[in-house]
Amino acid sequence: MRAWALRVWTLVWLILVWLLLWGNVSVANVVSGLAVALFITLLLPLPAVSVQGRLHPLSLLWLAANVSWWLVLSSAQVAWLAIRPGRPPLSAVLRARLALKSDLVLALAVNIMNLTPGTIVLEIDQTRRLVYVHVLDVGSQRAVDRFYRQVAQLERMLIASFERDSEWRPVAVEPEEADRA
């Protein structure tokens, strides 16, 4: 039942995106949106991602608030680096380890890092949970330490929001998923 509800929700979501792209709601747009949504879900399916743990809304709210603040702060820092007189900032590729269990949460962490101005994830070592991040302005040890503190804080907030050890259980593979593998 849950799998069907998820499939229906995916179809509805894709139809809504289609309607937003076209800018108006009409029978033709809804029908063509349904056709595109069915095409995407039936002929181009994404692999199943196991979801474990529980969502903690207060921790998620705290995560969202911190990420919002980081976006504002880093935007201001990048803007200052762009207009300040002097030499261009020193940049580097830094390696960080993330102790995240879920590939889904790891992908969320990478997306948060990519959204943050001045950083971009270049490579992900999924098995060792390492990310290689290009960081703008690493001209001082303080700036490098700030990056590693921010990564550690992001990791703690993601674990608090999605992956608490007390709630983490292995997910049994459903027969449908075993057939696809």
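In the chain, what percent of the accessible surface is made up of carbon and sulfur (1.4 Å probe, ligands and nucleic acids excluded)?
The computed percentage sits at 67.
Before I look further, what does the stretch 76-128 give for accessible area per residue, probe 1.4 Å, in whole square angstrom?
66 Å²
Can you tell me how the stretch 1-137 classifies by the Cα gyration tensor, rounded, prolate or oblate, using a/c under 1.5 as the rounded cut?
prolate
With springs only between Cα atoms under 10 Å apart, run a GNM on the chain and tell me which of Thr127, Thr116, Thr41 wobbles the most.
Thr41
To test your reading of the geometry: what angle, between 0 and 90 degrees and rounded to tens, separates the Cα axis of helix 57-83 from the longest principal axis of the chain?
Once rounded, one gets 50 degrees.
So for the pair Arg7, Leu71, with labels modelled 7 Å out along Cα→Cβ, what separation do we get in nm?
3.4 nm
Quick one: Karplus J couplings for the stretch 145-152, per residue in order, coefficients 6.51, -1.76, 1.60, θ = phi - 60°, nearest Hz, x for Gly and Pro?
Working through the residues one at a time gives 4, 4, 4, 5, 5, 5, 5, 5 Hz.
Rounded to the nearest 20 Debye, what is the dipole magnitude of the chain about its Cα centre when Lys and Arg each give +1 and Asp and Glu each give -1 at the C-beta?
With Lys and Arg at +1 and Asp and Glu at -1, about 580 debye.
The values are calculated or read from the model by the stated rules, or taken from the named source; none is laboratory data. No experiment lies behind these values; they were computed from the predicted model shown. Please note: Cβ atoms are built from the backbone with ideal geometry, for glycine as well, and neighbour counts cover all protein chains shown. Quick note on the areas: whole protein, heavy atoms, side chains included, nothing else; ligands and nucleic acids left out. Shrake-Rupley method; radii C 1.70, N 1.55, O 1.52, S 1.80 Å.
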